[in-house]
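Quick note: the coordinates plus some simple rules give every number you see, no bench work behind them. Because the structure is predicted, anything quoted here is derived from the model rather than measured. Every residue, glycine among them, receives a Cβ derived from its backbone with ideal geometry; neighbour counts consider all protein chains shown.
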Amino acid sequence: MSRVVTIFLSCVIAMAVIGFFIGIGAGVPKPDGINESSLVDLRSTDSAVVDSKLVPALSYADIASTLMGPTKAWQATPQNLPQPEFDLYTKVEPSEAEKEASSKLRASRRAYNGAPPIIPHPVENTNDAACYACHSGGVKLAGLKASVMSHEYLANCVQCHAPMAPAPFQSIDATVESTFVGLPAPKEGKRAYKGAPPTIPHSRWMRENCNACHGGPHGWAGMESTHPWRTNCVQCHAPSATLDQMPESEVVPMLPPLDVVTAKVGAGTPQ
Amino acid sequence: MIANDSYDKSFVEKHCNFRGAEADTPTLQGEAISEEEFRKRIAKYTPEHVEELSGVPAEKSRMLGELFGNHDIRITSLWCMGMNQHTMGTAINSLVHGVHLLSGHFGRPGDAPTSLTGQPSACGTVREVGTLAHALPGGRVVAKPEHREQCEEFWNLRPGSISDLPGYHTVKMFEQFTKPTAEGGDITTLFVQVTNPGQTLPNLNALFNDKKGLEDKFLIVSDVYPTATTQLADLILPAALWVEKNGMFGNSERRTQQWFKMVDPPGEARDDCWMTIAIAHKLFEMGHEGMQDKNGEFIFAIKDSDGREIPIWQFEHYYDTNVDKHLFEEYRLFSTMKHKNLAPYDEYVTARGLRWPVVQQDDGSWRETRYRFSEFDDPFVTKGQEFEFYHSSSNDGRAQIWFHEYAPPPEVPDDDYPMWLCTGRVLEHWHTGTLTRRLSPLNRAMPTAYIEMNSEDAKAANIRQGEKVVIESRRGTCELPVWIDGRGRPPRGTVFVPFFDETKLINNCTLEAHDPFSKQPDFKKCAVRVVKKSEGKVPS
């Protein structure tokens, strides 16, 4: 019995030693080392067979080297991710603490208020369509929320939104010490009188879609509107006079004065 | 296009000349050649021959030829430093313009070539204002006596006070500064403003680092943050950022823009312009002749409405008046000779930038020019000409279609240094990163310089993703982490390294060989080798 144990243990030790030397040898590239598949479009795999509904059987040996992706049949049908139901009339009552936490998270993703937020997830920056897939209309998935773009007319997303570090450099500490404090995020607009709709306390340039933050299913927690069913926001909430600067004009565009026929002065009518 | 007979004959006949470099000593102007001569010289550069020289597939050259031969489409060619930073940079630029001229793809909206070099304020305050060593404002050069005379008149200087001898260009200037005085290094004091040569010069070991330990060399650096250049500075002057001072700049679009100071600079930081005036006034007080006009007054003297001089060299009085406005109104005088007319300062205050030539209209308003040299928009084009390249180097309103012979690169990979090195920028960081590396979101997005390699090259050298390697050239070394098949996916045999990271100075390796005319160093190609850290030398 003890002999069997000895033979077994010596085999284990021998394998460990061999494994150790292979491991420290420079000859074994890390799987991550030369990763050619990272940018390969899964749909371009030619392993799909002619009958789009058939998936070819593989031997176990081939599984590791085979790219697996959606079948042709699945690719051919446009897919919508199932989205949770959104009730427009759910009462929105965030507590002050929730609002605070939410605005802290928001601030942590910007260099200063008004700066473009960073991209808080990995991207493979191959084209802008990839951003639009989730961010043009917003998506909720697995507890995560893709916010809605409020300036779809501006493509080339990473020109302003800084992505995460490239994969090989993500462990580098890139913290920057800075004493810079930008302007705080505005909390609320001005009201003409108690009960009046507040003005918009930020500029509207690139934020034309109010629902991107303030309502709908993908708004920012703590910033949601209490009445998202009213969709024409600027009908009641006036844009900021100081932040929404239009080119100055000496002539305020107005309709021409009405051409009202008036009786002649001095013809006996009271003035 | 010539072989297909698809070039724009009428455009070439009406608006172009042919030009080639002189055989003995080539100059920027070159010499006129006939169309016959042009055809003869270019004949040997068939797409196949070009493929042999450059590796660009012949079919791609043919495809471009067919594209340019089609006059129904419009073609805009845009490029950055990838074309300019070569020993043949000027030649490449004139050849690309030549392709556009030959094909008539010029002067219609959307149909022109443009080099995207107009970072504020490379165009406005370098080329237009004439801060280069051989230049004077408004397209003038020190070599021409009439140009010197005009400047002396505008500036009220003694006749003959402007030297006809051009100063040193940048590479030569740093050579002379870092060379000991005893060995002929005749520059002893250097004042660096708004640039970071300690990081951006090529071959830093030869052109910058040698300053260390030279007692009689004095380096003054004005900057907003500590930089690679301030490391060797003998005097650091804290500078105000652009929002902390009044300013004016011009971009390559020809647009001149004005802004007012928005916040006060912190601590003792001051406007660069004030520093220049303060130093000039100190020299004036010390009796330096160059700081006096012909009446013996200070050259930057500004007087108030009562004729009393405002002491703008004292910072507390600098903003008593708008110094920019005084300087700009004086500079405007220079702009009309080459028909790059500028509007009065106050026009730029209300406009959102104006593109020169800005010409006053009959109603007193000022009109900018969107399309230069095209009759439909440029008021200086003779009526009926359609296009007129006024002030062209041949003085006949015609543009030059250049021919240049192929010239081999100054350094080519060999057995010792088998790889091509190309350097450049990344999206996240502006140039040397003095500002952008101090911003968390940007620094996190691109936390380090890297060496980008082709996966086959990495495999052959047994180099892994993220591994630190040493890149070596004949001039220096640099240690960098590897990014295999990164953004640029470099072809086999080439590596790319960005230059923004002051902790990993790739310009220790680059080559100081430069273009004979633009003086741009060849940052885009030199020979290097990449070795695993365990096998490499200790980086300098």
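Of all the numbered requirements in (1) in contact with a helix residue (DSSP H, G or I) (Cβ under 8 Å, 6 or more places away or on another chain); (2) at the interface with another protein chain (Cβ under 7 Å from one of its Cβ atoms); (3) within 20 Å of B:ALA228 (Cα to Cα), B:HIS429 misses one, and that requirement is (2).
Scanning the range A:127-165 for residues that are among the polar types (S, T, N, Q) and either under 23 Å from A:ASN80 (Cβ atoms) or surrounded by 15 or more Cβ atoms within 10 Å (Cβ to Cβ) (or both) turns up A:ASN127, A:SER136, A:SER147, A:SER150. Scan the range B:263-281 for residues that are out of contact with any Lys or Arg (no Cβ under 9 Å at 6 or more places or on another chain) and over 25 Å from B:PHE174 (Cα atoms) and the total you get is 7. Quick check: is even one residue across the range B:134-147 out of contact with any Ser or Thr (no Cβ under 8 Å at 6 or more places or on another chain), surrounded by 15 or more Cβ atoms within 10 Å (Cβ to Cβ), closer than 24 Å to B:MET248 by Cβ and hydrophobic (A, V, I, L, M, F, W, C)? Scanning the range B:134-147 turns up at least one residue that is out of contact with any Ser or Thr (no Cβ under 8 Å at 6 or more places or on another chain), surrounded by 15 or more Cβ atoms within 10 Å (Cβ to Cβ), closer than 24 Å to B:MET248 by Cβ and hydrophobic (A, V, I, L, M, F, W, C).
Return the residue satisfying two criteria in turn: it lies in the range B:162-197 and is outside any loop (DSSP other than H, G, I, E, B) and in contact with a helix residue (DSSP H, G or I) (Cβ under 6 Å, 6 or more places away or on another chain), and of such residues it is farthest from B:LYS524 (Cα to Cα). Top of the filtered list is B:LEU190.
Of all residues in the range B:432-442 being touching a strand residue (DSSP E or B) at 6+ places or on another chain (Cβ under 8 Å) and either at the interface with another protein chain (Cβ under 7 Å from one of its Cβ atoms) or of a type outside the set (D, E, K, R) (or both), which is farthest from A:ASN113 (Cα to Cα)? Walk me through it before giving the result.
So the first thing to find is which residues in the range B:432-442 are touching a strand residue (DSSP E or B) at 6+ places or on another chain (Cβ under 8 Å), and the list is B:434, B:436-437, B:442.
Pick out the ones that are also either at the interface with another protein chain (Cβ under 7 Å from one of its Cβ atoms) or of a type outside the set (D, E, K, R) (or both) and you get B:434, B:436, B:442.
On the way: B:THR434: 22, B:THR436: 17, B:LEU442: 15 Å.
Top of the filtered list is B:THR434.
When the range B:444-462 is filtered for residues that are facing chain A (nearest Cβ under 8 Å), surrounded by 21 or more Cβ atoms within 10 Å (Cβ to Cβ) and not in a helix (DSSP H, G or I), the ones remaining, listed by number, are B:MET446, B:PRO447, B:TYR450.
Strands (runs of 3 or more DSSP E) wholly in the range B:218-318 with at least 1 residues that are surrounded by 18 or more Cβ atoms within 10 Å (Cβ to Cβ) and small (Gly, Ala, Ser) - which ones?
Working: elements: B:218-223, B:235-238, B:247-250, B:255-259.
Once the strands (runs of 3 or more DSSP E) in the range B:218-318 are filtered for at least 1 residues that are surrounded by 18 or more Cβ atoms within 10 Å (Cβ to Cβ) and small (Gly, Ala, Ser), what remains is B:218-223, B:247-250.
Of the candidates A:THR199, A:THR179, the single residue that is out of contact with any Cys (no Cβ under 9 Å at 6 or more places or on another chain), within 14 Å of chain B (Cβ to nearest Cβ), assigned to a loop (DSSP other than H, G, I, E, B) and polar (S, T, N, Q) is A:THR179. Collect the residues in the range B:489-507 that are touching a helix residue (DSSP H, G or I) at 6+ places or on another chain (Cβ under 6 Å) and charged (D, E, K, R), keeping them in residue-number order. B:ARG492, B:GLU502, listed by residue number. Just one residue in the set B:ARG41, B:ARG19 is part of a helix (DSSP H, G or I) and either touching a Pro at 6+ places or on another chain (Cβ under 9 Å) or within 19 Å of B:MET88 (Cβ to Cβ) (or both); that residue is B:ARG41. When the range B:472-495 is filtered for residues that are within 13 Å of chain A (Cβ to nearest Cβ) and either within 18 Å of A:GLN170 (Cα to Cα) or not in a loop (DSSP other than H, G, I, E, B) (or both), the ones remaining, listed by number, are B:LEU480, B:PRO481, B:VAL482, B:TRP483, B:ILE484, B:ASP485, B:GLY486, B:ARG487.
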